[in-house]
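Below is one structure; the comments refer to it alone.
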Amino acid sequence: MVGSIADWTDLFKQAYAACRPGGYLETIEGSPVMESDDGTAGEAMSKWGNLFIEGGQKIGRSFTVYHDGTQKKAMEAAGFVDVRVRDFKVSVYYAVQTNEAGRLKYDES
């Protein structure tokens, strides 16, 4: 939903109102900036992410929700308590067909 929400606090207030006592909300947003452990992401991928960030600034929508901690702040402002943030590293590449568990597979056919 990154780039499409004008007011995250308002969105989470609506979600809070829809939750029953003891209910919870799960949400995930990623970074538009591609990074790699070994530095192979390259300049083009870095530029791609920065173009999203710049474009978002021009239209008044944030693409840095992850980096700014926007969701956690907005959830707390909406009334959610015990808000937890968990970071995940996700592999994004054209995977070779393999039987290794946990690998993302991409089929170009």
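Values in this text are rule-based calculations from the coordinates and carry no lab data. Note that this is a predicted model, so its numbers are computed, not measured. Positions of Cβ are backbone-derived with ideal geometry, glycine not excepted, and every protein chain shown enters the neighbour counts.
Worth pointing out:
- Vicinal HN-Hα couplings computed from phi for segment 31-38 (Karplus, 6.51 cos²θ - 1.76 cosθ + 1.60; Hz; Gly/Pro x): 8, x, 8, 7, 10, 9, 5, 9
- Loop-located chymotrypsin sites (Phe, Trp or Tyr not before Pro) in segment 1-40 (DSSP state other than H, G, I, E, B) with a sparse environment of at most 13 neighbouring Cβ atoms within 10 Å: TYR24.
- 3J(HN,Hα) along segment 65-70: 4, 5, 5, 8, x, 4 Hz, from the Karplus curve 6.51 cos²θ - 1.76 cosθ + 1.60 with θ = phi - 60°, whole Hz, x for Gly and Pro.
- Annotation: for a label point projected 7 angstrom from Cα along Cα→Cβ of ARG84, residues of segment 24-51 with backbone N closer than 18 Å are 24-29.
- Placing a label point 7 Å from the Cα of HIS67 along the Cα-to-Cβ direction, the residues of segment 18-37 whose backbone N falls under 12 Å from that point are 31-35.
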